[in-house]
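The values are calculated or read from the model by the stated rules, or taken from the named source; none is laboratory data. The structure displayed is predicted, hence computed values, not measured ones. Here the Cβ is made from the backbone with ideal geometry for all residues, glycine too, and neighbour counts use every protein chain on show.
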Amino acid sequence: MKKTKIKDIIFYLIVFGAIALLIAVALIAAFKSGPAALKLPFIAGVVYFIGAGAGLFAIYRLNILTKINRTVFIILLILVAVIPRLVWNWYIQTQPFSDFLHLYNYGVNASQGDFKGFADFYAVFPFKIGFGMILAGLFSIFGSGLWTIKIFNILLSLALVLIIYAGGKMLYGEKAGRVASLLCALWPAQIMYTSAIASEHVFLVLFTGAVLLTLYFVKKYTYKNHDFWNGNMMLLAAGFITALAQLIRPMAMIMLPVFAVFILLYKRYRADNFTSFALGIKSIVLFIAVYFAVVNLVNLPIQKATGVDITKSDSGFNLMIGTNSKADGMFNNEDFSLIKKNNFDFEKVQKEAKDIAFSRIKNDPVGFAKLALRKYKIQWGDENYGYYWSTISSQDSKAENAVKSHPRIFYGVSQLFYILIILMAVCTCFYTLKEKRYDSLIILMIFGGLLLSYTFLEVQSRYHMPVIPLLIVFGTGFLEAGKRYEI
C-alpha cells in the first residue's frame, strides 16, 4: 500500500508539474515571444489563444479523418508530408552557413577520404563527427550537391510522420494516430527547416522512434505473460536506436534514467513481486548494456579514422555558455575563445569551462535565477527557428525575396501551431490524470528533464525541436479514451 501511494504521489507531481510548465510555455509563446516577433502589442496574445482554441475545438469535434479509407489516408499523408517540403526547398535555396557550413565541408572532405578534415573545434564537440559521417556516406554515393541533403531531409521528415502515425495509433487509437501524423506533416517550422543542413532531422527520427518503441514495449508487455526472454528484442532495438541518436546529438541519453525510473516504479508484469522486480532489473540492464555497447562499437572505426573519440561527452562547455548572463545563455565569442586558449584540448576546455560556470552561479545566484527566466523564454517561447535558419543564408530570387519580405506571416503561423500543440498537451495531461495513464510519464519526464537541463545549458529556440514530435503524439491522447493500462 505504501509503495503504491508513493508511486501515485510521484505520478501526480510529474503530471501537475507538466501542466504548470506547459501553461507557462503557452502564455510566454502567446503574450511575450509571439507579439514581440510580429511587433504587435501584448493583446495579440489573445488572438493566438483564440486561433489555437479554434484549432483545438475543430480537432476534437471533427471526425473527417477517420472516415477516410486507411490506404487512401496513408497516400494523402505522404503527399502532405512531401509536397510542402519539396516546394519550400525548390524556391528557398538555403546555403550552408555557420555551423551548418562546417558540417557540410566536413561531409565533403570525409567523402573524399579526408576523415580528419573537420573544423579544429570539433575535438571539443566529438558528437559532430557522427552527423558528418552520415553526410560523407550520402555524398560518396549521390554527390555533394545541396539537393542530396534536401532530399535526404525530406525523406527523414516523411519517416518521422509515419513513425508519429504508428505511435499515436498504438498509444491512443486510430483517430489520434491520424491527427498526430497530419499535424507533424504540417509542422511549419520543420517544413522550413528542411532546407538547412542540420543534424536535427536525423536525430528527430531516431530519438522519437526510440521513445515510441520503448512505449510499445511498456504497452505490449504489461498485459501479456512474461518469461525471461519476452520483449528482449524490442529492448535491444530501443537501446540500439537510442545509442545511434546519442551519437548524433548528445541528449538522447536522457532515455536511460527515464527508462530506469519508469520500469522500477511503474512497470508491472503478470508475475509475483520478486519475478516482476527481477524482470524489471533485467530490462534496465539490457537497455543500458546495449546502449553502451553500440556507442562504443560504432566509435571504434570512427576513432581509428578520425582520431576523435566520439563517445566523449561533457556538459562543461555548454554549462559555461548557459551561465553567461551578458549573452543570455546563448552562444558568444567570449566563451568560445576558451577553446583556442586551451589548444582544443577536450579535457582542459571542459574542466576550465565547468569551473567558470560554477563560479558564475556561486558568485551571483540571484543573477543566475533571473538569467534562467530569460533563457526559459528564449528556449521555449519561440518557434521561429525554421524561418530564421532557412532564410538567413538564402539567395535573392523573386520567390525568396517575397518570403523574406513577409516574415510576420511565417512567424505567426509557426507560433500559432506551436501554441496549439502545447494546449493539446495540456488537455492530455488532464486526460492522463483522469485515466491514470502511467505510460504518459515517459514523455512528460523527457520534457521535464530537458527543460531542467536547459535551465543551466546553452539555449537556442531550435533546441526544443526534439520535444515537439513527442508532444504532438502525446497531445492527441485526449481524442480517444484508450484502454487503460494495468500497471
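Which of (1) within 30 Å of Arg374 (Cα to Cα); (2) assigned to a helix (DSSP H, G or I); (3) without any contact (Cβ under 8 Å) to a residue 24 or more places away in the chain does Leu319 not meet, given it meets every other one? Condition (3) is where Leu319 drops out. So is Leu21 modelled with pLDDT of 95 or more, surrounded by 15 or more Cβ atoms within 10 Å (Cβ to Cβ), under 30 Å from Lys267 (Cα atoms) and out of contact with any Asp or Glu (no Cβ under 7 Å at 6 or more places or on another chain) or not? For Leu21, the condition - modelled with pLDDT of 95 or more, surrounded by 15 or more Cβ atoms within 10 Å (Cβ to Cβ), under 30 Å from Lys267 (Cα atoms) and out of contact with any Asp or Glu (no Cβ under 7 Å at 6 or more places or on another chain) - is met. Working only within segment 84-106, note down all residues that are surrounded by 16 or more Cβ atoms within 10 Å (Cβ to Cβ) and part of a loop (DSSP other than H, G, I, E, B). Hits for segment 84-106 are Ile92, Gln93, Thr94, Pro96.
Residues checked against (1) farther than 20 Å from Ile421 by Cα; (2) charged (D, E, K, R); (3) touching a Leu at 6+ places or on another chain (Cβ under 9 Å):
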residue	(1), (2), (3)
Val15	no, no, yes
Ile19	no, no, yes
Pro35	no, no, no
Lys39	yes, yes, no
Ile43	yes, no, no
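Against the condition surrounded by fewer than 24 Cβ atoms within 10 Å (Cβ to Cβ), modelled with pLDDT of 95 or more and touching a Leu at 6+ places or on another chain (Cβ under 7 Å), how does Leu182 come out, does it pass? Yes; evaluated as a whole, the condition is true for this residue. When residues in segment 322-335 are screened for being free of Cβ contacts under 8 Å to residues at least 24 places away in the same chain and in a helix (DSSP H, G or I), 3 of them pass. For segment 58-65, state whether one or more residues are assigned to a helix (DSSP H, G or I), touching a residue at least 24 places away in the same chain (Cβ under 8 Å) and of a type in the set (D, E, K, R). Among the residues of segment 58-65, not one is assigned to a helix (DSSP H, G or I), touching a residue at least 24 places away in the same chain (Cβ under 8 Å) and of a type in the set (D, E, K, R), which makes the answer no. If only residues of segment 303-312 that are touching a residue at least 40 places away in the same chain (Cβ under 8 Å) and either crowded, with 17+ Cβ neighbours inside 10 Å or acidic (Asp, Glu) (or both) are counted, the one that is farthest from Lys377 (Cα to Cα) is Thr306.
Restricting the search to helices (runs of 4 or more DSSP H) fully inside segment 358-455 and requiring at least 3 residues that are of a type in the set (A, V, I, L, M, F, W, C) and closer than 30 Å to Asp8 by Cβ gives 407-435, 441-454.
Here Leu451 fits the description: surrounded by fewer than 22 Cβ atoms within 10 Å (Cβ to Cβ), under 25 Å from Gly322 (Cα atoms) and out of contact with any Ser or Thr (no Cβ under 8 Å at 6 or more places or on another chain). Residues in segment 26-34: is at least one over 26 Å from the mean Cα position of the chain (by Cα) and among the charged types (D, E, K, R)? No, segment 26-34 contains no residue that is over 26 Å from the mean Cα position of the chain (by Cα) and among the charged types (D, E, K, R). Picking from residues in segment 275-305 that are of a type in the set (Ser, Thr, Tyr) and at pLDDT below 95, the one that is farthest from Leu265 (Cα to Cα) is Thr275. Listed by first and then second residue, the pairs linking a residue in segment 120-137 that is closer than 12 Å to Ile302 by Cα to a residue that is modelled with pLDDT under 90, with Cβ atoms under 6 Å apart and 6 or more places separating them unless they lie on different chains, are Pro126/Lys312. Regarding Gly117, is this residue surrounded by 14 or more Cβ atoms within 10 Å (Cβ to Cβ), under 28 Å from Ile164 (Cβ atoms) and not β-branched (Val, Ile, Thr)? Against the criterion (surrounded by 14 or more Cβ atoms within 10 Å (Cβ to Cβ), under 28 Å from Ile164 (Cβ atoms) and not β-branched (Val, Ile, Thr)), Gly117 does not qualify.
With respect to Ile378, is the statement that it is of a type in the set (Val, Ile, Thr), farther than 30 Å from Asn89 by Cα and surrounded by 14 or more Cβ atoms within 10 Å (Cβ to Cβ) true? Judged against the criteria, Ile378 is not a match.
When the residues of segment 196-220 are filtered to those that are more than 15 Å from Met465 (Cα to Cα) and among the hydroxyl-bearing types (Ser, Thr, Tyr), the one that is surrounded by the fewest Cβ atoms within 10 Å (Cβ to Cβ) is Tyr216. For Tyr418, the criteria (1) surrounded by fewer than 20 Cβ atoms within 10 Å (Cβ to Cβ); (2) under 24 Å from Gly322 (Cβ atoms); (3) out of contact with any Ser or Thr (no Cβ under 8 Å at 6 or more places or on another chain) hold in every case but one, which is (1). For segment 156-170, state whether one or more residues are surrounded by fewer than 19 Cβ atoms within 10 Å (Cβ to Cβ), modelled with pLDDT under 95, more than 15 Å from the chain's Cα centre (by Cα) and not small (Gly, Ala, Ser). Checking segment 156-170: at least one residue is surrounded by fewer than 19 Cβ atoms within 10 Å (Cβ to Cβ), modelled with pLDDT under 95, more than 15 Å from the chain's Cα centre (by Cα) and not small (Gly, Ala, Ser). Taken residue by residue, segment 377-388 has no member that is more than 30 Å from Gly55 (Cα to Cα) and within 27 Å of the chain's Cα centre (by Cα). Screening Phe317 against (1) surrounded by 15 or more Cβ atoms within 10 Å (Cβ to Cβ); (2) over 22 Å from the mean Cα position of the chain (by Cα) leaves a single unmet condition, (2). Inside segment 90-110, residues that are of a type outside the set (Ser, Thr, Tyr) and in contact with a Leu (Cβ under 9 Å, 6 or more places away or on another chain) make up a count of 7. Screening Lys67, Lys39, Lys128 for residues that are under 27 Å from Asn401 (Cβ atoms) and either under 25 Å from the mean Cα position of the chain (by Cα) or surrounded by fewer than 17 Cβ atoms within 10 Å (Cβ to Cβ) (or both) leaves exactly one candidate, Lys39. Checking each residue in segment 25-47 for being in contact (Cβ under 8 Å) with a residue 60 or more places away in the chain, assigned to a helix (DSSP H, G or I) and not β-branched (Val, Ile, Thr) picks out Ala26, Ala29, Ala30, Lys32, Ser33, Gly34, Ala37, Leu38.
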